Structure formats: structure tokens, C-alpha cells
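Before any comments, here is the structure.
The values are calculated or read from the model by the stated rules, or taken from the named source; none is laboratory data. All of these numbers come straight from a predicted model, not from anything done at the bench. Cβ placement follows ideal geometry from the backbone for every residue including glycine, while neighbour counts extend to all protein chains displayed.
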């Protein structure tokens with residue numbers, strides 16, 4: 001007769017203990033996707049590693065002899081940090097996790113998460129390390145794709161959709177950062193603010209599609225002038241553009257403004273608006289400042305923008321300096 005399962009007070013069957021057989025536990029461990037392992041701390045040798053390791057990485061189960069085998073089969077960029085972290089945590093008796101790229105036998109890499117438990121003697125000394133390796137490659141690929149999409153969205157949020165150059169938000173961020181750096185370094189910072197002359201009349205004469213193309217051409221021309229990585233060319237709004245020039249003195253800023261005028265003239269964009277010149281021109285305000293504790297980036301920007309409007313009031317197609 002088969003034994004009747006024991007029942008708890010609530011009438012449900014109680015779980016029966018597993019048979020006390022090492023083979024049962026070994027079968028359970030080796031039937032999972034997680035790869036179990038054990039390292040003897042004194043000898044730094046593998047006492048055990050699951051056969052799943054060969055399926056995942058291609059290295060034979062019996063090729064994992066010492067900790068050196070684990071270290072040598074790790075991506076060089078991950079090795080120092082992961083090894084130092086795991087050793088320090090193990091010495092301190094702290095359970096821990098580490099993510100790294102493990103080398104496959106055919107020369108590829110698989111993302112691994114090692115979950116480590118530190119077993120100690122009664123006297124507190126480390127006896128061994130036991131743990132599981134998990135293949136987290138799919139998770140890492142998903143994380144990288146999310147990061148890529150996040151980066152693309154961030155770039156889009158900082159880029160003017162029409163012209164492809166920086167937008168006002170990007171400019172504001174960079175101006176604050178460069179202002180702080182100029183205060184620290186004592187080096188000057190300059191701005192060039194540019195506005196296309198009689199742009200409303202241009203749109204009236206040619207239509208908004210042509211107006212958009214005009215803005216794109218001007219943005220491309222400005223971007224071609226500004227070469228240094230920290231310089232910023234941004235669309236400031238409407239037909240207004242702005243150039244941020246860190247570590248640039250007044251003479252260099254004025255020279256760049258003159259290049260802007262020349263480059264836009266070279267575009268040869270026919271204006272055709274009523275009562276204006278034959279070609280599209282621009283008005284510019286230029287300013288340079290030595291940042292002190294009293295000045296503000298917004299105040300400097302307002303002052304340079306004021307020079308732009310002085311250029312427009314003075315007849316347009318000209319440069320006014322601060």
C-alpha cells in the first residue's frame with residue numbers, strides 16, 4: 001500500500017523533504033540554465049563547475065581548474081575591476097554580484113552575471129566561495145538598445161528639427177557650463193548673435209518652404225565656419241542664430257562675425273522682397289566678456305542681443321560690437 005501524504009491542519013498536503021542524496025541535488029543544479037560553481041579559497045581552485053558552462057562558453061568543464069582560468073577568460077576591459085571587486089568583497093566575507101563579458105572558445109563574448117556567496121569557518125576565516133553564473137546577454141542587449149534610444153531622444157531634444165543644429169535648450173545648457181568654466185579659468189567667452197534681414201518679406205515673396213530652405217542653408221554655412229569642438233552654433237528662434245565661442249577674445253569673435261557675413265553673401269540667396277536688397281543679408285551683434293563673480297550669463301546674452309538690435313536699427317547688414 002502506498003503511504004498517505006501527510007496533511008496539514010488546513011487539509012492541504014505538506015511538501016515532502018527531498019531525498020538525502022547528493023545525486024539528486026547535482027541533477028537539480030545541472031538541469032538549470034544557471035551555472036553552479038564552487039571555489040576553494042585556500043587553493044583558489046575550482047572544486048566544481050556545472051557542465052552547462054561548456055554549452056554557454058564552449059570551454060570544457062574540466063578546463064576550469066583555477067581562478068586564473070576564470071580571470072583569463074574575461075574581457076580585458078572588465079578584468080581589473082571585476083577581479084579586484086570580487087577579491088575585496090570575498091576577503092571581507094560579503095556576498096556580492098558582478099557583471100562582465102566572458103570569453104567564448106570561438107573568440108566571442110557573452111555577458112555573465114556572477115552571484116557569489118561567501119562561506120566562512122566558525123573562526124570567521126573564508127572557507128570557500130559558491131555561486132551561480134547567469135547568461136544576461138539578452139538583458140544587456142535590451143539595456144544597450146534602451147540607452148541608444150534614450151541617447152537619440154536626448155539628441156533630438158537638443159537639436160533644432162528644421163536645421164539640424166543645436167536648439168535653444170542646448171545653447172542655454174552649454175552657455176551656463178561655459179560661463180562657469182570661464183569664471184574658473186579666467187579666460188574670455190564670446191557670443192555672436194545673427195538675424196536674417198527682412199525675413200518676413202522673404203517668406204512673403206517666396207513662401208515658407210523656400211524660407212525653411214533659406215534657414216537650412218544659413219545654418220549649414222554657420223556650422224562650416226565654427227570648427228572647435230566646444231563652440232556651439234544654435235538656432236535661437238525664428239530667423240535668429242547664435243554662436244557660443246569659449247576661450248575667444250574680442251578680436252577673434254569679430255573676425256568670426258565677419259566670416260559669417262561673407263559666407264552668407266557667398267550663398268547668393270536671392271531675396272526679392274519688396275523694398276529690400278537683391279540678396280539675403282544678416283545683422284549681427286558681437287560681445288566678449290571676462291567672467292567675474294558679479295556678472296551673469298543671461299545678462300551677457302541680453303547685452304549682446306541688444307547689439308544685434310542696434311545693428312538692425314542702424315540699417316541692417318552690419319555688425320555691432322559690445
Do we have any residue at all in the range 199-209 that's over 18 Å from residue 270 (Cβ atoms) and either surrounded by 20 or more Cβ atoms within 10 Å (Cβ to Cβ) or in the same structural domain as residue 317 (by TED's automatic domain parsing) (or both)?
no
The correct count of residues that are surrounded by 14 or more Cβ atoms within 10 Å (Cβ to Cβ) and assigned to a strand (DSSP E or B) in the range 40-96 is 8
Among the residues of the range 181-190, how many are in a loop (DSSP other than H, G, I, E, B) and either touching a helix residue (DSSP H, G or I) at 6+ places or on another chain (Cβ under 6 Å) or at positive phi (or both)?
1
Please tell me if residue 113 is farther than 24 Å from residue 47 by Cβ, modelled with pLDDT of 95 or more and assigned to a strand (DSSP E or B).
no
Single condition residue 193 does not satisfy, out of (1) farther than 30 Å from residue 100 by Cβ; (2) in a helix (DSSP H, G or I); (3) in contact (Cβ under 8 Å) with a residue 12 or more places away in the chain:
(2)
